[in-house]
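Since the structure comes first, as structure tokens, the remarks are kept for the end.
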Amino acid sequence: MVEQTLVLIKPDGLKKSLTGNILTRLSETKLEIVAAKITRVTRELAQEHYSHMKDKPFFEELIRYIRGELHQRRKVMAMVYWGEDAINKVRQLAGLTNPEEADPVSIRGAYGRITTKGVYENVIHTSRDKGEAEREIKLWFKPEEIIVDLYPTKTIEVNKTKQKVWT
Ligand code: IDP
Ligand code: MG
């Protein structure tokens, strides 16, 4: 089944200069990148992205992690991968959530670590299933940032909004 999945290269991945390695590993899947950007992660976006973790004791540290506060890198690289069985293919390459339990040749197994405060710094995020992929892609991207039509859209008229343009 043709699917789409959200991939984030987390701030530890950026700080460790792993972008090239990770993209090369992901290219093994033959999936297509249909959206990509470097973006800052607001507190609201971080909390929404990890809303399913909000009762965990490490939630606050997790928010600091994804916002780059632990790595002096206030950004993540966000991408949408698209193609046959995309969700499982990318999750397989990523490896298990706990980098110490992840297959050592997986991305998380090779490059992840557990911090002294107990957060799994596991280099990338990937969506777990179709529902999560839809929720996350809609959270991180606007329709016009994705080059294929993944989900239904509507056009609305927006008046009096401000937009930054080149001078
Ligand atoms: P996933 O990223 O493999 O989908 P989730 O359960 O959605 O795993 O957890 C989100 C993120 O929270 C993980 O990627 C990891 O950074 C962190 N995390 C999850 N479980 C733990 C834990 O038990 N201890 C510390 N950090 C965790
Ligand atoms: Mg998850």
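The values are calculated or read from the model by the stated rules, or taken from the named source; none is laboratory data. Just so you know, these numbers come straight off a predicted model, no measurement behind them. Cβ coordinates were reconstructed from backbone atoms using ideal geometry, including for glycine residues, and neighbour counts include every protein chain displayed.
Need the failing condition index for THR116 against (1) at pLDDT 95 or above; (2) surrounded by fewer than 20 Cβ atoms within 10 Å (Cβ to Cβ), just the number.
Result: THR116 passes all but (1).
Note down all Cβ pairs under 9 Å where the first residue falls in region 53-68 and is of a type in the set (Ser, Thr, Tyr), the second is in a helix (DSSP H, G or I) and away from ligand 2 (no atom under 14 Å from the Cβ), and they're at least six residues apart or on different chains.
Within 9 Å, the pairs are TYR65/PRO11; TYR65/ASP12.
Which residues, counting only those in region 56-103, are hydroxyl-bearing (Ser, Thr, Tyr), closer than 30 Å to GLU144 by Cβ and surrounded by fewer than 15 Cβ atoms within 10 Å (Cβ to Cβ)?
Taking region 56-103 first, the residues hydroxyl-bearing (Ser, Thr, Tyr) are 65, 81, 97.
The next check asks that each one be closer than 30 Å to GLU144 by Cβ; those that pass are 65, 81.
Matches in region 56-103: none.
Taking region 77-120 on its own, how many of its residues are aliphatic (A, V, I, L, M), within 12 Å of ligand 1 (Cβ to nearest atom) and not in a loop (DSSP other than H, G, I, E, B)?
5
Can you name every residue in region 125-142 that is outside any loop (DSSP other than H, G, I, E, B) and acidic (Asp, Glu)? Break it down into steps so the answer makes sense when it comes.
Of the residues in region 125-142, the ones outside any loop (DSSP other than H, G, I, E, B) are 125-126, 130-140.
Matches in region 125-142: GLU132, GLU134, GLU136.
If I go through region 54-76 residue by residue, how many of them are in a helix (DSSP H, G or I) and within 15 Å of ligand 2 (Cβ to nearest atom)?
If we filter region 54-76 for residues that are in a helix (DSSP H, G or I), which is where we start, we get 59-66.
Still in the list and also within 15 Å of ligand 2 (Cβ to nearest atom): 59, 62-63, 65-66.
Number of matching residues: 5.
Please go through region 29-53 and give me each residue that is exposed (fewer than 12 other Cβ atoms within 10 Å of the Cβ) and not in a strand (DSSP E or B), ordered by number. Walk me through how you get there before you give the answer.
Step one: list which residues in region 29-53 are exposed (fewer than 12 other Cβ atoms within 10 Å of the Cβ), which gives 30, 38, 40, 42-44, 51-52.
Across region 29-53, the qualifying residues are LYS30, ARG40, THR42, ARG43, GLU44, SER51, HIS52.
Name the residue, out of THR97, THR153, THR126, THR167, that is within 16 Å of ligand 2 (Cβ to nearest atom), more than 22 Å from THR39 (Cα to Cα) and at pLDDT 95 or above. Spell out how you get there, then give the answer.
Values: THR153 fails: within 16 Å of ligand 2 (Cβ to nearest atom); THR126 fails: more than 22 Å from THR39 (Cα to Cα); THR167 fails: within 16 Å of ligand 2 (Cβ to nearest atom).
Being within 16 Å of ligand 2 (Cβ to nearest atom), more than 22 Å from THR39 (Cα to Cα) and at pLDDT 95 or above holds for just one of THR97, THR153, THR126, THR167, which is THR97.
Which members of region 21-40 meet the condition of being of a type in the set (Val, Ile, Thr) and in contact with a Gly (Cβ under 7 Å, 6 or more places away or on another chain)? Steps first, please.
Residues of region 21-40 that are of a type in the set (Val, Ile, Thr), as a first pass: 22, 24, 29, 33-34, 38-39.
The one that is of a type in the set (Val, Ile, Thr) and in contact with a Gly (Cβ under 7 Å, 6 or more places away or on another chain): ILE22.
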